[in-house]
Amino acid sequence: MSAPATTAEPAVHLRNLNMVFSGAQGETVALKDATLAIQPGEFVSLIGPSGCGKTTLLRLMADLGTPTSGELRIGGKTPAQARLAREYGYVFQAPALLEWRTVLQNVMLPLDVMNRPKATRETRAREMLDLVGLTGFEGRYPWQLSGGMQQRVSIARALAFDPTLLLMDEPFGALDEITREKLNGELLRLWQETRKTVVFVTHGITEAVFLSTRVVVMTARPGKIEGVVDIDLPHPRTQETRESPRFFELATQVRELLRRGHGFDVEG
């Protein structure tokens, strides 16, 4: 599946976005003049060295901070308006599940907060658990699950209220390579089934290339957008995709942009 055609209203649009943090040691420029348009249905990965502003940018999209200057719109709305309209779901680096709630109850949590009818909440939560391959685990508690299964619960919870945008902050970064590759494949399947717009933060070059329609490469602090690589790999993507000459060509393009931006703290 190729990148969607340009529409009148991007799913995410940032123009000349700047973020400066002030503290006792002075000012830290986290983002500088970032400009990018993400179209509905795209899977866009943000990659760059540690401290380049990837997570900061994601948090600004989620209205977890206010940019110092510039423009940021989520589907034409301000981040605050998009948050109130429940237009995005957020998947953190750690699953952040409530240990005293079962898997089903954790997925139902945002629906509980939104005061959806109880029968509707449970039906929707079960549908999402089936989508992420966890049917049969509804009554388990987080401590009874592997790390990969916990992250799948986190993804199901983020999708429970049917947001148009899914923000993912290195969700597989703490997992072993085998589990990570398996979940990469499952995430792609979910993306193709749901047609959500996904913004995905990663340190892994191969992960970014495997998952994305486009890879946005950021420089070392202050975080700027060094370049964007269009990923034209066909779907479905499999292990054979990772071994193809085109995959290595695209990974090399990303790696060269990272080097040009002085970003060497990345994974293969």
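Observations
- Residue check for L98: surrounded by fewer than 16 Cβ atoms within 10 Å (Cβ to Cβ) and at pLDDT 95 or above: yes
- Note on the range 82-91: residues that are in a helix (DSSP H, G or I) and among the aliphatic types (A, V, I, L, M) total 2.
- Answer from A30, A94, A34 - the residue that is under 30 Å from I231 (Cβ atoms), in contact with a Ser or Thr (Cβ under 9 Å, 6 or more places away or on another chain), outside any loop (DSSP other than H, G, I, E, B) and not polar (S, T, N, Q): A30
- Q151, sole failed condition from (1) crowded, with 20+ Cβ neighbours inside 10 Å; (2) closer than 25 Å to L84 by Cβ: (2)
- Scanning the range 37-49 for residues that are assigned to a strand (DSSP E or B) and in contact (Cβ under 8 Å) with a residue 60 or more places away in the chain turns up I38, F43, V44, S45, L46, I47.
- The range 23-63, subset of a type in the set (A, V, I, L, M) and over 15 Å from the mean Cα position of the chain (by Cα), residue nearest to A11 (Cα to Cα): A37
- Hey, G70 at positive phi, in a strand (DSSP E or B) and surrounded by fewer than 21 Cβ atoms within 10 Å (Cβ to Cβ) or not: yes
- From G263, G268, residue being under 20 Å from the mean Cα position of the chain (by Cα) and either at pLDDT below 95 or of a type outside the set (D, E) (or both): G268
- When K77, K118 are checked against the criterion of being surrounded by 13 or more Cβ atoms within 10 Å (Cβ to Cβ) and either among the β-branched types (V, I, T) or over 23 Å from N184 (Cα atoms) (or both), a single residue qualifies: K77.
- Taking (1) over 27 Å from R126 (Cβ atoms); (2) surrounded by fewer than 17 Cβ atoms within 10 Å (Cβ to Cβ); (3) in contact (Cβ under 8 Å) with a residue 40 or more places away in the chain in turn, Q192 satisfies each apart from (1).
- Set side by side, the residues A62, A82, A96 differ, and just one is of a type outside the set (D, E), farther than 26 Å from V20 by Cβ and in contact (Cβ under 8 Å) with a residue 24 or more places away in the chain, which is A96.
- Residues being within 19 Å of the chain's Cα centre (by Cα), without any contact (Cβ under 8 Å) to a residue 60 or more places away in the chain and surrounded by fewer than 19 Cβ atoms within 10 Å (Cβ to Cβ) - total across the range 226-243: 1
- Condition check for A11: touching a residue at least 60 places away in the same chain (Cβ under 8 Å) and either closer than 23 Å to E193 by Cα or of a type outside the set (K, R) (or both): yes
- Residues satisfying the stated conditions in the range 107-137, i.e. assigned to a loop (DSSP other than H, G, I, E, B) and in contact with an Asp or Glu (Cβ under 9 Å, 6 or more places away or on another chain): V132, G133
- Residues in the range 195-225 that are crowded, with 21+ Cβ neighbours inside 10 Å and of a type in the set (D, E, K, R): K196, E207.
- Filtered by the rule that a residue be exposed (fewer than 15 other Cβ atoms within 10 Å of the Cβ) and either modelled with pLDDT of 95 or more or among the acidic types (D, E) (or both), the range 2-19 gives E9, R15, N16.
The values are calculated or read from the model by the stated rules, or taken from the named source; none is laboratory data. Owing to the predicted nature of the structure, the values given are computational and were not obtained by experimental measurement. All Cβ positions, even for glycine, are placed from backbone atoms using ideal geometry, and neighbour counts span all protein chains on display.
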